[in-house]
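Worksheet: one structure, shown below.
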Amino acid sequence: MALEIEDGTGKANADSYATALELADRAAAYGWELPWDTELQEVLLRRAAEAMNAMRWKGGRAVGGQALAWPRAGVVVDGEHLPADAIPAGVRYGQMALAAEIYADDQNPPEMKRGAVVRQKVDVMETEYAVVENRGRLSRAAPERPSAVQFADYLERRGLFVAAHRA
């Protein structure tokens, strides 16, 4: 099933901000790995768009009943009000980056990642890795997170946040 692209009108059936061709072109330009199959690329774009719907964006949805988080009304970036029918390039590019990050995580899930080598025996070839603890805060996406950079200006909060943890 072909993607329904959000064009700024607040479509009730939109499921992406970018096409599979745009995703493939951007992946080639930035060296991201993706499946070759267009249908699988579209699935990744849908998954990224759904993840984006859960993010805390500036402003509010511009149209009642729109399927995706954008377009938004009341968004101010660098002192300028964005038009309520705008889909910023950072949102589109961020969706494509997030799709590539999701694919990378599908191929190498964070829970399967190993820590640094803490002990290595050469003769019988024994290697021990440090345990990577996942306390519910291990990111699903690759550490480079180009999507986070693209989204930064449009999210309610920007930057790193420290969460207090009580033992």
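Here are the numbers for this structure:
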| item | result |
| --- | --- |
| Test: residue in the stretch 111-127 that is in contact with a strand residue (DSSP E or B) (Cβ under 6 Å, 6 or more places away or on another chain), among the hydroxyl-bearing types (S, T, Y) and at pLDDT below 95 | yes |
| Breaking point among (1) in a loop (DSSP other than H, G, I, E, B); (2) under 13 Å from the mean Cα position of the chain (by Cα); (3) of a type in the set (D, E), for E50 | (1) |
| From the options L68, L44, residue that is closer than 13 Å to A99 by Cβ, surrounded by 15 or more Cβ atoms within 10 Å (Cβ to Cβ) and touching an Asp or Glu at 6+ places or on another chain (Cβ under 9 Å) | L44 |
| Yes/no for I87 being in a loop (DSSP other than H, G, I, E, B), within 30 Å of V63 (Cβ to Cβ) and modelled with pLDDT of 55 or more | yes |
| Of all residues making up the stretch 26-44, the number that are without any contact (Cβ under 8 Å) to a residue 60 or more places away in the chain and over 15 Å from P146 (Cβ atoms) | 8 |
| Condition met for A14 (at pLDDT 95 or above, over 19 Å from D106 (Cα atoms), surrounded by 14 or more Cβ atoms within 10 Å (Cβ to Cβ) and in contact with a Leu (Cβ under 6 Å, 6 or more places away or on another chain)) | yes |
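The values are calculated or read from the model by the stated rules, or taken from the named source; none is laboratory data. A quick note: this is a predicted structure, and the numbers were derived from the prediction, not measured. Cβ sites come from the backbone with ideal geometry, for glycine too, and all protein chains shown count toward neighbours.
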